[in-house]
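Bear in mind these aren't lab numbers, they're just calculated from the coordinates by the rules spelled out. Fair warning: this is a prediction, and the values are worked out from it, not measured in the lab. Cβ coordinates were reconstructed from backbone atoms using ideal geometry, including for glycine residues, and neighbour counts include every protein chain displayed.
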Amino acid sequence: MFQLKNIRLHKILHIPDLIIEGNRITCITGESGGGKTTLLKLLNRMKTPDAGTITYLGQPLESYDPVQLRRQVVMMAQDSLVFPGSIRENLLIGLRFSEKPGVSDDVLKSMMEMVKLRKTLDEDPSNLSGGEKQRLALGRVLLMYPEVLLLDEPSSSLDEETESLVISRITDYVHKRGKTLVMVTHSKALAESIGGDHITFENGSPKPMPGGA
């Protein structure tokens, strides 16, 4: 799905050759400041490399309109963004940004259950805890049903039990819908438990690790 060749970006990244397969889960681990988040931003053109080429579905990434690309390749940042308005409005805003039809309250409630957000649709999200805001942001991007999910530490604010449940539901969602997930996580144990492909970054370069099923 994605192929990166001879990528360089400042002194952050040097990627001689990397393929990220479609319809699979790829976990990215490695040291802090090692370029993991920057890689995600390269994949949806939030950043542009100084040198090298990136292709998506066999076409140069720069040939895609950035807005259209980001409707297919959606990134959730580690710092969970909350918009003014209710939880309902926060869940729906991603659909509005991507010019997709809205969904019913029943669909929104099902998504909240999926990410274990036990609140009402009319509540003010500014009162949510850090972990609840993270799950709200996650529900927002999942509702967009993108082809590719780029998740940057999506469980960093969750306790171990909630992390296990939410990540399991995300992986089920990806497998059942035939989507692609590229997830940055600080936890090698979590990456190994998920299976799929595992890449660790050292000094800004990827080191492919043995994958799971």
Please work out the Cα center distance from the range 9-54 to the range 127-205, rounded to the nearest Å. 17 Å
Expressed as an acute angle from 0 to 90° and rounded to the nearest 10, what is the orientation of the C-alpha long axis of helix 87-97 relative to the principal long axis of the chain? 40 degrees
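For the chain, what does -39500 (n - 2.57) per DSSP helix run (n ≥ 4), summed and divided by total residues, give at 222 nm, in deg cm²/dmol to the nearest 500?
-10500 deg cm²/dmol
Under unit Cβ charges (Lys, Arg +1; Asp, Glu -1), what dipole magnitude, rounded to 20 debye, does the chain have relative to its Cα centre?
The dipole magnitude comes to about 460 debye.
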Could you work out how far apart the two model spin labels at GLN72 and THR120 are, taking each label as a point 7 Å from the Cα in the direction of the beta carbon, and quote it in nm? 4.2 nm
Counting Lys +1, Arg +1, Asp -1, Glu -1, what net charge surrounds LEU92 among other residues with beta carbon under 12 Å of its beta carbon? +2
Over all alpha-carbon pairs in the range 2-209, figure out the percentage whose distance exceeds 23 Å. 44 percent
Suppose a student asked you for the relative contact order of the chain, using Cα pairs under 8 Å spaced at least 6 residues apart; what percent would you report? 31 percent
Exposure-ranked with fewest Cβ neighbours within 10 Å first, ILE199, ILE12 stand as ILE12, ILE199
Cα-Cα over 23 Å: which of LYS116/LYS176; LYS116/LYS207; LYS109/LYS176; LYS36/LYS179? LYS116/LYS207
Please arrange THR53, THR26 by counting, for each residue, the other beta carbons lying within 10 Å of its beta carbon, fewest first. THR53, THR26
